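Asker: Just passing along the structure, written as structure tokens.
The values are calculated or read from the model by the stated rules, or taken from the named source; none is laboratory data. In this text the structure is predicted, and so the values were computed from the model without any measurement. Using ideal geometry, Cβ is built from the backbone for each residue, glycine included, and neighbour counts are taken over all protein chains shown. Keep in mind that these areas ignore ligands, DNA and RNA; they rest on the heavy atoms of the full protein, side chains included. Shrake-Rupley method; radii C 1.70, N 1.55, O 1.52, S 1.80 Å.
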Amino acid sequence: MRLSEVIGALSHALDMTEGQAPGHCLRCCWIGMHLAEALPLDDTGRADLYYTLLLKDAGCSSNAARLWELYGGDDRLIKDDFKRVDSQSMLQLGRFVLTHAAPDAALRERFHRVLNLVRHGEELATELVATRCERGADIALKLGFSPAVADGVRALDEHWNGQGRPRGLAGEAIPLQARIALLAQVVDVFHLSGGPEVAMGEVRRRAGQWFDPTLAEALARVARQPGFWAGLTDARLSQRVADLEPAASLVLVDEDRLDGIAAAFGQVVDAKSPYTYGHSARVAHCAEAIASRVDLPPARRRWLRRGALLHDIGKLGVSNGVLDKPGALDAEEWKQMRAHARHTEEILARIGLFGELARVAGAHHERLDGKGYPYGLLAEEINLETRIITTADIFDAITAERPYRGAIPVSEALRIMRGQVGSVLDERCLDALEASLPTLEPA
């Protein structure tokens with residue numbers, strides 16, 4: 001399987017975190033690579049652009065908790081709506097803050113949040129963008145891509161006139177792949193909400209400010225090509241974007257590359273909340289130890305580790321207002337939280353090689369008594385690998401600090417888990433976990 005297909009499939013998880021309609025990164029790649037046809041780019045430059053477009057939002061989860069802390073609203077909605085704001089317009093910025101700061105809170109809380117955002121807006125905006133872009137660049141490097149791809153992700157929010165963030169780069173000091181990615185992003189957002197004319201009108205309005213004027217002119221030519229706009233709504237977009245990968249840079253994934261991808265996206269998941277930092281890696285570490293004790297062969301343990309690393313990838317579609325809530329969740333919040341398991345399966349199922357793994361990882365909240373979710377599977381329908389991930393996940397959840405309580409000691413956690421044997425947990429898996437604890441080193 002091509003690396004581009006794996007990254008393209010996992011980019012749907014990034015779309016969820018950004019509050020974007022499914023396929024946003026793929027559509028941006030379609031737009032950007034068509035624009036590249038009008039430019040003098042060599043094979044290396046085209047390859048760097050291709051992966052910059054797919055990974056432009058790789059750091060998007062890292063500022064979600066901070067956004068929720070500052071605004072007191074759904075971080076996904078905030079991110080989505082902000083993509084339609086011209087951040088160089090004080091009028092638009094002011095309107096955005098007034099409508100998005102603690103929208104459901106009492107007047108006093110809203111006033112204090114608005115005041116804080118107005119007083120410290122510049123530094124807070126720079127902080128949020130820097131966190132996102134630096135984290136995204138780091139993920140790109142961890143995935144094995146070139147420094148040029150990392151630079152493109154890092155400079156995504158820089159503007160042609162030097163009024164972007166986080167470094168205030170201007171003109172050609174901004175990497176070309178970043179200039180194209182920002183332009184493609186704005187085109188997709190406005191095309192989705194208003195169609196081609198609205199999208200191109202926004203490009204013309206921001207040319208010379210946000211956008212390189214030469215690129216804006218090139219896009220106007222590209223936009224007249226037959227099939228360009230229709231391609232954005234093509235049901236085969238995923239495959240068509242995979243086919244746009246420059247032939248000279250085509251990479252087939254091997255076992256080591258799949259391990260690296262799972263580890264990197266596990267970090268994207270864990271960055272969503274301060275309370276889940278390191279969770280995916282610890283669950284994977286623990287699951288491997290259990291799997292060894294129940295005699296899973298090495299190749300199967302390696303396969304299972306990927307599922308454990310990615311078991312919570314669906315949480316990228318859950319608001320931090322739910323993930324980080326210090327009190328009990330209400331019915332609607334529980335509905336959103338439970339949906340993450342189904343999202344995990346749907347995201348991983350986009351990768352042909354992960355068909356079985358998608359079902360195993362997505363079922364980690366199923367229970368032996370049939371009262372789990374998302375499907376309410378019965379014991380005989382839950383395979384051993386899922387039972388292993390479930391055991392490791394519950395153990396880490398209990399022993400880690402949460403927004404509503406402190407960490408629970410290991411001995412107490414094991415006592416609690418023993419009470420769930422037969423209804424939630426598999427006894428063999430729990431025995432294996434307990435036997436592994438003396439030899440488990442920190443992940």
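Asker: Cβ-Cβ under 7 Å, sequence separation 6+ or interchain: first residue in the stretch 406-423 and part of a loop (DSSP other than H, G, I, E, B), partner open to solvent by less than 60 Å² (accessible area, probe 1.4 Å) and at pLDDT below 95. Which pairs?
Answerer: Short answer, once both residue conditions are applied: Ala407/Thr399; Ala407/Ala400; Ile408/Ile398; Ile408/Thr399.
Asker: If you don't mind, there's one more thing I want to ask. Determine whether the stretch 2-22 contains at least one residue that is basic (Lys, Arg), in contact with a Ser or Thr (Cβ under 8 Å, 6 or more places away or on another chain) and either open to solvent by 30 Å² or more (accessible area, probe 1.4 Å) or under 17 Å from Ala137 (Cβ atoms) (or both).
Answerer: Scanning the stretch 2-22, I find no residue that is basic (Lys, Arg), in contact with a Ser or Thr (Cβ under 8 Å, 6 or more places away or on another chain) and either open to solvent by 30 Å² or more (accessible area, probe 1.4 Å) or under 17 Å from Ala137 (Cβ atoms) (or both), so the answer is no.
Asker: With the condition kept exactly as written, say whether any residue in the stretch 367-378 is under 17 Å from the mean Cα position of the chain (by Cα), modelled with pLDDT of 95 or more, surrounded by fewer than 19 Cβ atoms within 10 Å (Cβ to Cβ) and among the charged types (D, E, K, R).
Answerer: no
Asker: So for the stretch 324-340 (the condition being buried (at least 16 other Cβ atoms within 10 Å of the Cβ) and in contact (Cβ under 8 Å) with a residue 40 or more places away in the chain), does at least one residue qualify?
Answerer: Yes.
Asker: While we're on this one: Being crowded, with 23+ Cβ neighbours inside 10 Å, of a type in the set (D, E, K, R) and not in a loop (DSSP other than H, G, I, E, B) is the filter here; which residues of the stretch 113-158 pass it?
Answerer: Arg132, Arg154
Asker: Residues being under 19 Å from Glu427 (Cα atoms) and of a type in the set (Phe, Trp, Tyr): count how many of those fall in the stretch 384-407.
Answerer: Matching residues across the stretch 384-407 total 1.
Asker: If you go through the stretch 70-93 one residue at a time, do you hit one that is open to solvent by 70 Å² or more (accessible area, probe 1.4 Å) and more than 28 Å from Ala207 (Cα to Cα)? Reasoning before the result, please.
Answerer: Residues of the stretch 70-93 that are open to solvent by 70 Å² or more (accessible area, probe 1.4 Å), as a first pass: 77, 82, 84, 90-91.
Going one step further and asking which of them are more than 28 Å from Ala207 (Cα to Cα), we end up with none.
Within the stretch 70-93, not a single residue is open to solvent by 70 Å² or more (accessible area, probe 1.4 Å) and more than 28 Å from Ala207 (Cα to Cα).
Asker: Here is a follow-up. Out of the residues in the stretch 249-284 meeting the condition of being of a type in the set (Ser, Thr, Tyr) and in a helix (DSSP H, G or I), tell me which one is surrounded by the most Cβ atoms within 10 Å (Cβ to Cβ).
Answerer: Ser280
Asker: Another question about this same structure. Go through the stretch 224-248 and report how many residues are assigned to a helix (DSSP H, G or I) and open to solvent by 30 Å² or more (accessible area, probe 1.4 Å).
Answerer: 8
Asker: Same structure, new question: From the list Arg387, Arg350, which one is at pLDDT below 95 and either more than 26 Å from the chain's Cα centre (by Cα) or surrounded by 14 or more Cβ atoms within 10 Å (Cβ to Cβ) (or both)?
Answerer: Numbers: Arg387 fails: at pLDDT below 95.
Going through Arg387, Arg350 in turn, the sole match is Arg350.
Asker: Continuing with the same structure: Go through the stretch 187-223 and report how many residues are within 25 Å of the chain's Cα centre (by Cα) and among the hydroxyl-bearing types (Ser, Thr, Tyr).
Answerer: 1
Asker: While we're looking at this one, here's another question. If you check Arg179, Arg110, which single one turns out to be among the basic types (Lys, Arg), open to solvent by less than 50 Å² (accessible area, probe 1.4 Å) and not in a loop (DSSP other than H, G, I, E, B)?
Answerer: Only one candidate passes the filter, namely Arg179.
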